[in-house]
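The structure appears right after this line, and notes come after that.
No value in this document is a laboratory result; all are computed from the given coordinates. Keep in mind that this is a model prediction, so the values were computed, not measured. FYI the Cβ positions are ideal-geometry reconstructions off the backbone, even for glycines, and counts take in every protein chain you see.
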């Protein structure tokens, strides 16, 4: 579940979306990312690949959408 959460870019993303990296929060963010990226859960390699693409081409927009989704669920 959390393979890509150890990456420094993912840690930065958690700070940007104002989420404390607790076990529960990371699980919720992971599920939301899978939903947003249309990747079957728990395929973390595919999720990380898609996430990197989204952040490369639309970092600001994707980050804002993720923040809204996460704060709506937490």
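Quick one: how many residues across the range 11-34 are assigned to a helix (DSSP H, G or I), in contact (Cβ under 8 Å) with a residue 40 or more places away in the chain, under 10 Å from the mean Cα position of the chain (by Cα) and closer than 17 Å to residue 54 by Cβ? Talk me through it step by step, then tell me what you get.
Within the range 11-34, the first condition is being assigned to a helix (DSSP H, G or I), and the residues that meet it are 11-16, 23-34.
Add one more test, that the residue is in contact (Cβ under 8 Å) with a residue 40 or more places away in the chain, and what stays is 13, 16, 25, 28-29, 32.
Remaining after also requiring under 10 Å from the mean Cα position of the chain (by Cα): 13, 28-29, 32.
Going one step further and asking which of them are closer than 17 Å to residue 54 by Cβ, we end up with 13, 29, 32.
Count: 3.
Go through the range 41-58 and give me each residue that's loosely packed, with under 13 Cβ neighbours inside 10 Å and either within 11 Å of the chain's Cα centre (by Cα) or part of a helix (DSSP H, G or I) (or both).
Those that are loosely packed, with under 13 Cβ neighbours inside 10 Å and either within 11 Å of the chain's Cα centre (by Cα) or part of a helix (DSSP H, G or I) (or both): 45, 53, 56, 57, 58.
If a residue has to be under 19 Å from residue 60 (Cα atoms) and surrounded by 16 or more Cβ atoms within 10 Å (Cβ to Cβ) to count, how many in the range 6-29 make the cut?
Qualifying residue count, the range 6-29: 6.
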